[in-house]
1. If R0 is 22 Å, what FRET efficiency do you get for residue 18 and residue 143 from their C-beta distance, rounded to 0.05?
2. Taking 0.36 nm per residue of sequence separation and subtracting the Cα-Cα distance, how much length would be gained by fully extending the chain between residue 83 and residue 118, in nm to one decimal?
3. Quick check: residue separation of residue 71 and residue 30 times 0.36 nm, minus the Cα distance between them. What number comes out in nm?
4. Efficiency by 1/(1 + (r/R0)^6): what FRET value for residue 57 and residue 110, r their Cβ-Cβ distance, R0 = 41 Å, to the nearest 0.05?
5. So, in nm, how far is label residue 103 from label residue 41 when the simple model puts each one 7 Å beyond its Cα toward the Cβ?
6. Could you pull the Cα extents of the chain along its three principal axes, largest to smallest, in whole Å?
7. Cα centroid distance between the range 32-81 and the range 127-143, in Å?
8. Which whole-number percentage describes the relative contact order of the chain, with Cα contacts under 8 Å and a sequence gap of 6 or more?
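No lab work stands behind these numbers, since they all come straight from the coordinates. Fair warning: this is a prediction, and the values are worked out from it, not measured in the lab. Because the Cβ atoms are built from the backbone with ideal geometry, glycine has one as well, and the counts that use them run over all protein chains shown.
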Ligand SMILES: [Zn+2]
């Protein structure tokens, strides 16, 4: 069962809850950071949702907040609907200063078409509706 981040009333007087895309993906602030890890055994920095260090196989990992800015490594425009998103929508990989890439839905910004290597920043917002609830996750947009 996912824990609601917050709740508000919808037009019909019901409760709209904000639920996280994945438990433990973001720190618990409203505009949370992505949660990555530092391996306490070999010191490598690791991406979100890592369970075991791929360098030394230790599972002694410490949670860290990841940078909210990175560079657009590559992207694609998707012309078919996904399970949750209506086409066209863009997705890509963001190269973080920590030394790895994270996959993200990309948010458009007026006058800033996506370009490889451009500076991107993370925003936390609704990804889609699920029944009466809002699923909250992260996107990256041009700076
Ligand atoms: Zn390690």
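1. E between residue 18 and residue 143, to the nearest 0.05, is 0.30.
2. Extra length from residue 83 to residue 118 when fully extended: 9.8 nm.
3. 12.4 nm
4. Details: r = 46 Å, r/R0 = 1.13.
Computed FRET efficiency for residue 57 and residue 110: 0.35.
5. Between residue 103 and residue 41, the simple spin-label model gives 2.6 nm.
6. Sorted from largest, the Cα extents of the chain read 53, 38, 25 Å.
7. 20
8. The normalised contact order for the chain reaches 20 percent.
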